[in-house]
Amino acid sequence: MSNYYEERIHRLLSSVSHNTLQMRISTIPDRNLAIALDILQPDDRNAIMNILPSAKKQRVVQERVYLGRLKITLKQKQVMAEALADKMNGGRSSAKGTWIAPGKKP
């Protein structure tokens with residue numbers, strides 16, 4: 001793990017209860033969560049996917065398939081991962097203005 005947000009997410013996965021994380025992560029739009037997961041280590045990505053409710057998990061998987069068609073920069077992925085870490089930590093607004101709306105070009 002080389003990035004600060006990856007370390008934060010890894011620590012939060014082990015220290016915060018799964019029910020709390022599920023409530024916090026469920027408010028993140030599907031595409032944004034898919035972008036954030038794209039840059040994480042496979043272990044952390046799988047841990048987050050296992051926390052999600054099945055309907056949300058299915059939508060995030062569909063968005064991850066769609067990501068290949070979008071031109072998303074590394075910086076945008078990092079911003080999404082930082083926002084995910086903030087949201088997992090209980091932040092109220094995660095990186096305002098950074099979310100990529102469905103159907104919009106990044």
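With within 20 Å of H10 (Cα to Cα) and modelled with pLDDT of 90 or more as the only criterion, which of A83, A47 stands out?
Of the residues listed, the single one that is within 20 Å of H10 (Cα to Cα) and modelled with pLDDT of 90 or more is A47.
Looking only at residues that are among the aliphatic types (A, V, I, L, M) and at pLDDT below 85 in the stretch 86-106, which one is farthest from R8 (Cα to Cα)?
So the residue we want is A101.
Restricting to the stretch 67-81, what's the tally of residues that are part of a helix (DSSP H, G or I), of a type in the set (D, E, K, R) and over 13 Å from L40 (Cβ atoms)?
2
Within the stretch 29-41, which residues are within 14 Å of A81 (Cβ to Cβ) and of a type outside the set (D, E, K, R)?
Matches in the stretch 29-41: N32, L33, A34, I35, A36, L37, I39, L40, Q41.
Could you grab the pairs with beta carbons closer than 8 Å, sequence gap of 6+ or different chains, first residue in the stretch 11-28 and within 17 Å of A83 (Cα to Cα) and among the aliphatic types (A, V, I, L, M), second one assigned to a loop (DSSP other than H, G, I, E, B) and at pLDDT 90 or above?
I25/L52
So P53 clears everything in (1) over 11 Å from the mean Cα position of the chain (by Cα); (2) within 12 Å of A81 (Cβ to Cβ) except one condition, right? Which one?
(2)
Scan the stretch 69-86 residue by residue and report those that are under 23 Å from N3 (Cα atoms) and surrounded by fewer than 16 Cβ atoms within 10 Å (Cβ to Cβ).
Passing the criteria: K71, T73, L74, K75.
The values are calculated or read from the model by the stated rules, or taken from the named source; none is laboratory data. Quantities reported herein were computed from a predicted structural model and do not represent experimental measurements. Cβ atoms come from the backbone with ideal geometry, glycine included; neighbour counts cover every protein chain shown.
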